[in-house]
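Take a look at the structure below.
Each reported figure results from applying straightforward, stated rules to the coordinates on display, with no laboratory input. This structure is a prediction, so every number in the text was calculated from the model and none was measured. Glycine also receives a Cβ, built like all others from the backbone with ideal geometry; neighbour counts cover every protein chain displayed.
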Amino acid sequence: MIFLDKIDQKQLNGYTLVIPSVSVGNVGQLTIDLLISTLPTKKIGIVHHPAIHAMVGGDPYNPNSKEVTTSADLHLVEEHSIVILQIRAPLIKRERQKFLEELVAWCKNVGIKDVVMLSSCNAYERWDSQISGTQLRYYTSNVSESCVQMLRSVGAAELEERTDEFGKKQRFLSGAGFVQPFMDICELPVATLIKFVDEGDNRSDAYALATYLNAWRHLLKETNPSWKAPFSWKNMFGGPQPVGLC
Amino acid sequence: MDLFFGEVKQVPSRAFDDDEEDLEAPHIQYEINTVLKKGMEDHILKCSTVIIACGNLATDFCETMFWSEKCSEAGVIEVKQEREISIEDTGDFRPRQPQPSKLFITPHSVLVCCTSRDVTPIIATQFVQKLFSVIETSVCVMVLSSHHYGALHGNYAPEGEDNCVVHSLCSPAFPGTPVYPSLPQPATLDSVPAAALTECIVNQRPCVAYPVFTETYSTGDLDLVVDAMKKVFHIEPFLKAAASLQDNSKLCQYRDRNMREETLDRYM
């Protein structure tokens, strides 16, 4: 499933895995794009699984590169002991659980210390009390109290629980993708950072989520860092107009 | 916003919860099998190159230009659908079975796979894995695919004598330089071409993909692409396959069998 190139997987022992959930507005994935473009990252491998729709194209971060980019890959940030997984295609639902189980098994096998998941929830599903105030949330499992305090201190709130029609209290993760299925099976500490968003131009949501992550994990020295957008964002809404129409 | 390398896709959202409507057809299980003709396994293992054709014009090109009496039918890759029939299923009681993808070997030991249109993106990876399981790991792979020019998401400008636009993507192990320039952003490939290229990258196989973009793709439009598609065989290791492409009478026979619609011609 995960094919590492020029790196021994033992080197990832003690690292943090940062992954996006394929969620509303693709905010997690856009945030990962910002992290890969801004931090000193090195591509170390490809993730290939029948659960991820196959997709290939040019390098989204370097227009001069001839390297083919696939639908999911791994990037290393040695300075912060972080390995970043980017997923560029939707997951095939019937294969999703298998993919998550294999991912969790891989994390355990290589010695990943903890997981940070980046996701988003549908803003239209917010309660009245969620409409105002911070739109950032965290949802954790097996995470230390000091870590939770830190998340709270940078301006986010814990994702609220809701009571469903059966009277069961659970986190309502509308549009958040595979956050809950992943957290259900992963025994490692997992902290999911979430933003309430609407579908549209979600770049600003990605910047907000990246800044939130940075405030918590201090990936960059600045409190309000300038995130570098990848080259691929230039064609966010398609390529330039045909020359013949000018 | 839906984003693949900057491309916007017209779907409401990438995310779905268990309660939300699934983009995939529910209750369908797929089974993919390679069914080879007796004695063909060894012949397939001796093939030095594999051509995977996807899309109407690409498969028409391969079936027209490569197939002859001297070719050997190697078998098929079949896709079986098992659909759970529920009480709510008031639709098709005799659902159409997917067409198999044909495999044949040319006299120059080139294995050609004409991918059926029933191989959907959901099963593309498994389909390609089944195909690659019967060939040698050192075999060079070419993926020839045809697309509407809208998939380019950019300027559609055929160059020179070509009546179509051709680009390329190749795996690091591909030994030569592709004939056509790299696929520019924000265009991407998906389904079988992407699955084949990804498999080759992961398994360090030499592979080159040539997506061909045209304004139309009706039956009879093979003339739009045939010259451009022939060009991609002019470099190693595909030169041997090019020998099969010299017979232009095959093209005449194709035109006789596939008359272009007069109405279509009026608007061309």
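Going down the list B:37/B:240; A:42/B:80; A:42/B:231, which pairs span over 32 Å between their C-alpha atoms?
Table pairs above 32 Å Cα-Cα are A:42/B:80; A:42/B:231.
Could you list the residues of the range A:84-109 with an amide nitrogen less than 13 Å from a label point located 7 Å from the Cα of residue B:129 in the Cα-to-C-beta direction?
A:95-96, A:98-99, A:102
Can you work out the FRET efficiency for the pair residue A:94 and residue A:164, with r the C-beta to C-beta distance and R0 = 25 Å, to the nearest 0.05?
The formula returns an efficiency of 0.50 here.
Where the Cα atoms of the range A:1-133 are projected onto their three principal axes, how long is each span, largest first, in whole Å?
The Cα atoms of the range A:1-133 stretch 51, 35, 34 Å along their principal axes.
With +1 on the Cβ of every Lys and Arg and -1 on the Cβ of every Asp and Glu, and nothing else charged, how large is the dipole of the range A:1-74 about its Cα centre, in debye rounded to the nearest 20?
120 debye
Using the Karplus curve 6.51 cos²θ - 1.76 cosθ + 1.60 with θ = phi - 60°, work out ³J(HN,Hα) for each residue of the range B:49-61 in order, rounded to whole Hz, and write x for Gly and Pro.
So the Karplus estimates, Gly and Pro as x, are 9, 10, 10, 10, 9, 10, x, 3, 5, 5, 5, 4, 4 Hz.
Compare the Cα positions of A:204, A:147, A:131 along the charge dipole of the range A:126-246 (+1 at Cβ of Lys, Arg; -1 at Cβ of Asp, Glu; about the Cα centre) and return the one farthest towards the positive end.
Positive-end residue among those listed: A:204.
By the scheme Lys and Arg +1, Asp and Glu -1, what is the net charge of all other residues having a beta-carbon under 12 Å from that of residue A:214?
+1
Using DSSP to call loops (not H, G, I, E or B), can you name the chymotrypsin sites (Phe, Trp or Tyr not before Pro) in the range A:104-190 whose Cβ has at most 13 other Cβ atoms within 10 angstrom?
Passing sites in the range A:104-190 are A:127, A:166.
When Lys and Arg each count +1 and Asp and Glu each count -1, what net charge do the other residues less than 13 Å away from residue B:46, Cβ to Cβ, add up to?
-2
What is the spread of the Cα atoms of the range A:135-246 along each of their three principal axes, largest first, in whole Å?
60, 41, 24
Under a cut-off of 28 Å between alpha-carbon atoms, report the lysines in cross-link reach of residue A:168, not counting same-chain residues fewer than 8 places apart.
By straight Cα distance, residue A:168 reaches A:93, A:98, A:195.
Among A:185, A:226, A:20, flag the residue with its Cα farthest along the positive direction of the charge dipole of the range A:2-237, charges on Cβ as +1 for Lys/Arg and -1 for Asp/Glu.
The listed residue farthest towards the positive side: A:226.
How large is the helix-only mean residue ellipticity at 222 nm for chain A, computed as the sum of -39500 (n - 2.57) over DSSP H runs with n ≥ 4, divided by its residue count, in deg cm²/dmol to the nearest 500?
Details: 6 runs with 65 residues, N = 246.
Helices in chain A give a 222 nm mean residue ellipticity of -8000 deg cm²/dmol.
Near the amide H of residue A:228, under 5 Å away, which other amide H atoms are found, from residues 5 or more places off or on another chain, if H is placed in the peptide plane?
Close amide H contacts, sequence-distant or interchain: A:38.
Which value, in debye to the nearest 20, gives the size of the charge dipole of the protein assembly as shown about its Cα centre, when Lys and Arg are +1 and Asp and Glu are -1 at the Cβ? If you can, show how the numbers build up before the last one.
Working: 47 positive and 66 negative charges, 245 e Å.
For this selection, approximately 1180 debye.
Given H placed on each backbone N at 1.01 Å, which residues far from residue B:212 in sequence or on other chains put an amide H within less than 5 Å of it?
Placed amide hydrogens put B:145, B:146, B:147 under 5 Å from residue B:212.
Whole-Hz ³J(HN,Hα) for each residue in the range B:107-122, computed from phi via Karplus 6.51 cos²θ - 1.76 cosθ + 1.60 with θ = phi - 60°, x for glycine and proline: what do you get?
x, 9, 6, 10, 8, 10, 10, 9, 6, 5, 5, 7, 7, 8, x, 4
I'd like the antiparallel share, as a percent to the nearest 5, of DSSP beta bridges with both residues in the protein assembly as shown.
Antiparallel: roughly 55 percent of the beta bridges in the protein assembly as shown.
Quick one: which residues, 5 or more positions from residue A:52 or on another chain, have an amide H under 5 Å from its amide H? H modelled 1.01 Å from N in the peptide plane, none for Pro or chain starts.
Result for residue A:52 returns A:92.
How are the C-alpha pair distances of the protein assembly as shown spread across 20 Å bins, as whole percents from the shortest bin up?
Histogram of Cα-Cα distances, whole percents per bin: 21, 51, 25, 3.
Calculate one ³J(HN,Hα) per residue across the range B:68-73 by plugging θ = phi - 60° into the Karplus curve 6.51 cos²θ - 1.76 cosθ + 1.60, and present them in order as whole Hz with x for glycine and proline.
8, 5, 7, 7, 10, 6
Take the Cα atoms of the range B:96-148, find their three principal axes, and give me the spread along each one in whole Å, biggest first.
Principal-axis extents of the Cα atoms in the range B:96-148, largest first: 34, 24, 20 Å.
On alpha carbon coordinates alone, what is the Rg over Rh value for chain A, Rh being the Kirkwood radius?
0.96
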